[in-house]
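Derivation of every value follows stated rules applied to the coordinates shown; laboratory data play no part. Being a predicted model, the structure only gives us computed values, none of them experimental. All Cβ positions, glycine included, derive from the backbone under ideal geometry; neighbour counts span all protein chains shown.
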């Protein structure tokens with residue numbers, strides 16, 4: 001290859017093209033050639049965010065920051081999003097950083113799955129993250145407060161604070177010793193399984209009783225479940241019977257739903273009423289029997305004759321009794 005002017009110019013032009021390509025890639029300029037759409041978000045502060053910083057959806061890069069400008073007492077950030085990015089209308093934007101000294105980026109969440117996709121130039125909701133500087137100021141304030149608190153407690157202050165406690169311990173040392181001895185004795189008895197607490201801890205009777213109670217509860221629960229099953233079956237059968245009766249099925253259903261029985265009962269009641277009216281008016285044999293006083297007098301006379309005939313039967317024989325009775329009656 002000759003080291004001519006044309007060769008040097010070609011190499012220089014190739015380097016310019018490669019450098020421009022790298023600059024566009026770093027600055028996000030290549031996104032304009034990929035297509036996509038732009039959406040907006042407004043923040044009170046964008047911190048150190050700048051055009052070209054990445055935009056991530058669920059941690060996956062989906063675009064770049066294309067423009068930052070002031071708008072209505074806010075900072076409006078324009079985001080260039082890839083065409084296939086699932087950014088929805090209720091997605092929200094947050095400015096985050098990858099580390100204490102890392103690059104800032106705009107984080108988007110997925111929003112509601114059923115929400116429509118955000119159209120071009122849509123304004124997304126935003127969430128403000130605390131500034132790193134403000135966090136450092138708060139940490140510095142906490143550190144200063146702890147330092148001031150430790151300075152306020154000198155050795156003399158600690159001695160004044162602990163002095164009454166020391167005197168209290170000295171004055172009550174015998175009592176404290178006795179209490180500790182009693183506590184130790186109780187602990188030994190409990191460890192050896194003596195006393196109520198010791199037996200409660202080491203005796204297996206309570207464990208067996210608890211197991212028996214649990215078994216009884218399980219059996220009771222099983223019985224209750226069986227009873228509930230039987231009750232449900234009974235309710236279902238009752239519903240079936242009521243439904244069949246309501247539909248007029250079976251003897252009871254026909255008895256309640258069929259009009260023939262009602263007509264027959266009405267006819268029987270009418271006939272019975274007519275019979276009672278005839279009896280009351282003295283018609284027929286029964287009516288005459290009930291309303292005729294002659295029959296009543298005859299019955300009384302017959303009873304009187306029977307009474308007279310039985311007066312002389314006490315001292316006579318059976319044949320005489322029979323003859324006397326026949327003569328008296330006839």
May I ask you to order 279-288, 87-96 by the average number of other C-beta atoms within 10 Å around their residues, highest value first?
87-96, 279-288
Taking the Cβ-Cβ separation of residue 201 and residue 229 as r and a Förster radius of 41 Å, what is the calculated FRET efficiency to the nearest 0.05?
0.45
Could I have the simple spin-label model distance between residue 301 and residue 268, label points 7 Å from Cα toward Cβ, reported in nm to one decimal?
4.3 nm
Suppose the chain between residue 128 and residue 186 were pulled fully straight at 0.36 nm per residue; how much longer would it get relative to their current alpha carbon spacing?
14.8 nm
How would you rank 138, 40, going from fewest to most other Cβ atoms within 10 Å of each one's own Cβ?
138, 40
Subtracting the Cα-Cα distance of residue 251 and residue 97 from 0.36 nm times their residue separation yields 46.9 nm
Would you give the gap between the C-alpha center of the range 33-93 and the C-alpha center of the range 237-267, rounded to a whole Å?
78 Å
